[in-house]
1. So if I check each of E63, E51, E3, E17, which one is of a type in the set (D, E) and surrounded by 15 or more Cβ atoms within 10 Å (Cβ to Cβ)?
2. Is it the case, given these coordinates, that A56 is assigned by TED's automatic domain parsing to the domain that holds S150, more than 26 Å from S161 (Cβ to Cβ) and either within 32 Å of the chain's Cα centre (by Cα) or in a loop (DSSP other than H, G, I, E, B) (or both)?
3. Can you find a residue in segment 34-45 that is touching a residue at least 40 places away in the same chain (Cβ under 8 Å), under 24 Å from L88 (Cα atoms) and either not in a helix (DSSP H, G or I) or not hydroxyl-bearing (S, T, Y) (or both)?
4. Within segment 1-17, count every residue that is among the acidic types (D, E), modelled with pLDDT under 95 and in a helix (DSSP H, G or I).
5. Filter segment 66-101 down to the residues that are among the small types (G, A, S) and touching a residue at least 40 places away in the same chain (Cβ under 8 Å) and list them by number.
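The values are calculated or read from the model by the stated rules, or taken from the named source; none is laboratory data. Please read all numbers here as calculations on a predicted model, not as lab measurements. Reconstructed Cβ throughout: ideal geometry from the backbone, glycine too, with neighbour counts over all protein chains shown.
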Amino acid sequence: MTETRFDACLAQVLAHEGGYVDHPADPGGATNMGITRKTLARWRNISPWTELPKSAVENLTREEAARIYRARYWNPCRLDHMPVGLDLALFDFAVNSGPDRAIRTLQAGIGVAADGVVGPVTLAAVEKARPNEAINDLCDRRMRFLQGLSTFPTFGRGWTSRVSTIRKTALAMVPKAALPTLQRRTTMSILTGYRTYVVGAFMLIAGLAQVLGIDLPALDGSAAGHLIFEALAIIFLRKGLKGDLVAPR
């Protein structure tokens, strides 16, 4: 079965969330695979959420966790419509701090109204943005938000490491764009230049070989002096042209 973008991103998120924890300083309380007790209770339509025993969180399966992640985090962020790489950065932010905050932060970075809803305007702005820049901006804003939390002294080291890893992984996921036109042209010019030197060197060797009485069949009929003259002209003219092209302006 082909792995979907959701599967790939979920694997990254779960690698950071880990298993069951119930840290007294964590306002989320009992949590398993990043799913809090309150989130699980709401998912199971249990009210008040305190009626859900902590054991239910501890026994949460990966399959149910995946369904919650897709319905409550992935879909509201419309991550199926986001560029590869940015989908992971936004997904992990949403899981860690809530979809509304993650979406508003993204919207602030791409210059649209921060209403917490991913609609046509937001998607159009995302499409125009450069994925690498959008990922870096989102991660930078996320870190500034986390650093302002009262719990940062307790969890800051782990959050910082998580955002750093997600940033690196998300950037690595971005498809490599084609070389810019100018860069491609420059690369081709360099390659063409090397071929020119090779041809010139071969003609020079052929001319010198004929002077020594050795005829090369491929160049049979060409005078030695003519070959040497043309070879030198090619090499030195090419060098002069290259110098003109790269001279400072």
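1. Exactly one residue qualifies, and that residue is E17.
2. The answer is no for A56.
3. yes
4. Qualifying residue count, segment 1-17: 1.
5. A66, G85, A89, S97 - these are the residues of segment 66-101 that are among the small types (G, A, S) and touching a residue at least 40 places away in the same chain (Cβ under 8 Å).
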